[in-house]
Amino acid sequence: MCYEDDSRLEQFRQFRKEVRGSNDYLIVGIDIAKEKHHAFFGTATGRTLFRRLIFDNTIEGFEKLMDKTQAIQSEHGLKKVVFGMEPTANYHKPLGEHLILCGKMVVLVSGVSVKSNRKLLDGRWDKHDDKDAANVTDLISQGKCQFYEYPVEEIRDLRDLLMLKRKLRKQEHGYRVRIRNQLIAQYFPELDRYSGYAETEAIVRWCLDPSRIAGFENDQFETIVSTGRKTLAKKKRLDDIQKLAIASIGCRMGEGANLDAKIMVEGLRHIRKAIKTTDDKIDETCKQFPEYDYLLTIPGFGPDVSSKVLGAVGNPHRFFNQTQVLKTAGLDLSANRSGKTSHNAVPVISKQGKADLRYALYQAAWIATTRNKDFKAYFAKQLQGREKEKGIKTKRWVKLSAKLLVIAWTLMKNREVFDIKYLQQA
């Protein structure tokens, strides 16, 4: 994998070390909006050079920002410039990408920092665009900013595909819930116990009305709704459904309800086809990275988990240590330690990270400890003497999730296949 942002990362680290009190930097804090952005120009020593520049979210507006930046640099003899912004939806991305492609240093300021620092500017919580831009500048001058990651195009494509898959999964779940809670619950409640079977969707699509099902001959009903290979279990299931339809308490169905059922099932099937297409594209994209093959060697890591880890980590060399990696997934430990009770505080995971990555890692941990003999032995050893402790298995699976993420990061960084020694060293 070619990492285009390695040099930018080194520049950012150097900037964090030397920015406080420096007379070399022009700091441009930008409050991001959908149509117009507000910029504040200052220095790391607290000087205000230009209080308010409003520019459009267009190429002309970006050029206006660059022209003003160059003029202030020349006027005050500042050698370097850094642009900072608070991430706001996706509105900041066009400006961030434009500045990076122009060779400028770009940093991010977290929303939590902006909110906490706002009242420190003048002792009030008053909020407006000009003040927010100055707030961003003040935080950057203290070094309280984050690296603006702009990875290679393949990683960006992978992240877009993973986001698309996440959206499609939500839509699929929405269709399934509506079919079950709006259609089946109203017109054929007894069918709910068979939800999840392929033939149930066919029943909803073609003949959800119980009175119609009751009027079919056995073979006719089976021919209409049966999908795939015919089995005795499926035949018995359809017979039971037909018997339930005879005495069903469901409401009468009209043409509108039949059309609704048809559209729902067809929409669900369309979403599933889109998910399959997206999965194929994700697999195709992941195979461009040699790190993907190393991730697949970890027990519990299939294509889905490996793609999510690869997309989240991106460039493994941008992390200094495993603590930074764990923060990406929100698996770092946090506790409120203060006063006499500080020694009794119980650390818990922060959950200030990627929730879908945490879920994927937890599933990988569960699968590894149930199907791999080495992980089974390791997990049994971790539970030894604590078997009766409430929730201990969940805690140990979460702990193992964190270990697996660190192992995955190590394999990506070193380009090595999995070895059981990593489980003991993690």
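Read-outs throughout are calculated quantities, based only on the coordinates presented, and are distinct from any laboratory measurement. Bear in mind that the values here come from a model prediction, so they are computed numbers and not experimental data. Virtual Cβ from ideal backbone geometry, glycine too; neighbours counted across all protein chains shown.
May I ask for the Kirkwood hydrodynamic radius of the chain, worked out over all distinct Cα pairs and given in angstroms to one decimal?
That comes to 26.1 Å for the chain.
Computed over the Cα atoms of the range 343-401, what is the convex hull's projected area averaged over all directions, in nm²?
5.0 nm²
Given a Förster radius of 25 Å and the C-beta distance between His98 and Gln146 as r, what FRET efficiency does 1/(1 + (r/R0)^6) yield to the nearest 0.05?
0.85
Dimensions of the range 155-283 along principal axes (Cα, Å, largest first)?
Computed over the Cα atoms, the extents are 56, 32, 22 Å.
Taking neighbour Cβ counts within 10 Å as the exposure measure, how do Thr277, Thr200 sort from fewest upward?
If I rank by nearby Cβ atoms, fewest first, I get Thr277, Thr200.
Apply the Karplus curve 6.51 cos²θ - 1.76 cosθ + 1.60, θ = phi - 60°, to the phi angles in the range 27-33 and return the couplings in whole Hz, x for Gly and Pro.
Once rounded to whole Hz, the list reads 9, 10, x, 10, 8, 8, 9.
In sequence order, what are the phi-derived ³J(HN,Hα) couplings for the range 255-270 according to the Karplus relation 6.51 cos²θ - 1.76 cosθ + 1.60 with θ = phi - 60°, rounded to whole Hz, with x for glycine and proline?
Here the 3J(HN,Hα) series is 5, x, 5, 5, 5, 4, 4, 4, 5, 4, 5, 5, x, 4, 5, 5 Hz.
Hey, what does the equivalent ellipsoid look like for the range 1-79, semi-axes from the Cα gyration tensor as sqrt of 5 times each eigenvalue, largest first, whole Å?
For the range 1-79, the ellipsoid semi-axes come out as 23, 20, 12 Å.
Quick one: which residues, 5 or more positions from Leu53 or on another chain, have an amide H under 5 Å from its amide H? H modelled 1.01 Å from N in the peptide plane, none for Pro or chain starts.
Placed amide hydrogens put Ala39 under 5 Å from Leu53.
Loop-only check: which chymotrypsin sites (Phe, Trp or Tyr not before Pro) in the range 1-97 are DSSP coil with at most 16 other Cβ within 10 angstrom?
Tyr3, Tyr91
What does the convex hull of the Cα atoms come to per residue for the range 290-425, in Å³?
In the range 290-425, the Cα hull volume divided by residue count equals 120 Å³.
If I take all pairs of Cα atoms in the range 6-150, what percentage of them are more than 20 Å from each other?
The proportion of pairs with Cα distances above 20 Å equals 41 percent.
Compute the Rg/Rh shape ratio of the range 62-125: radius of gyration over Kirkwood radius, all on alpha-carbon atoms.
1.04
Leu26's amide H: which non-local residues (gap 5+, or another chain) put their own amide H closer than 5 Å, with H modeled 1.01 Å from N in plane and none for Pro or chain starts?
It is Lys80, Val81, Val82, by chain and number.
If r is the Cβ-Cβ distance from Asn117 to Glu284 and R0 is 41 Å, what FRET efficiency results, to the nearest 0.05?
Calculated value: 0.40.
What is the chain's relative contact order, in percent, from Cα pairs under 8 angstrom and six or more apart in sequence?
For the chain, the relative contact order is 12 percent.
Quick one: which residues, 5+ away or cross-chain, put their amide H under 5 Å from the amide H of Glu86? H built at 1.01 Å from N.
Ile30, Ile32, Val109
So if we plug the beta-carbon distance of Thr48 and Asp157 into 1/(1 + (r/R0)^6) with R0 = 35 Å, what FRET efficiency do we get, rounded to 0.05?
Computed FRET efficiency for Thr48 and Asp157: 0.25.
What base-10 log of the normalised intensity I(q)/I(0) is obtained for the range 373-426 from the Debye formula, alpha carbons as equal point scatterers, at q = 0.14, 0.15, 0.17, 0.20 Å⁻¹?
Cα-only, vacuum Debye calculation for the range 373-426: -0.41, -0.47, -0.58, -0.74.
Report ³J(HN,Hα) in whole Hz for each residue of the range 391-406, in order, from the Karplus equation J = 6.51 cos²θ - 1.76 cosθ + 1.60 where θ = phi - 60°; Gly and Pro get x.
x, 5, 5, 4, 4, 6, 5, 5, 4, 5, 4, 4, 5, 5, 5, 5
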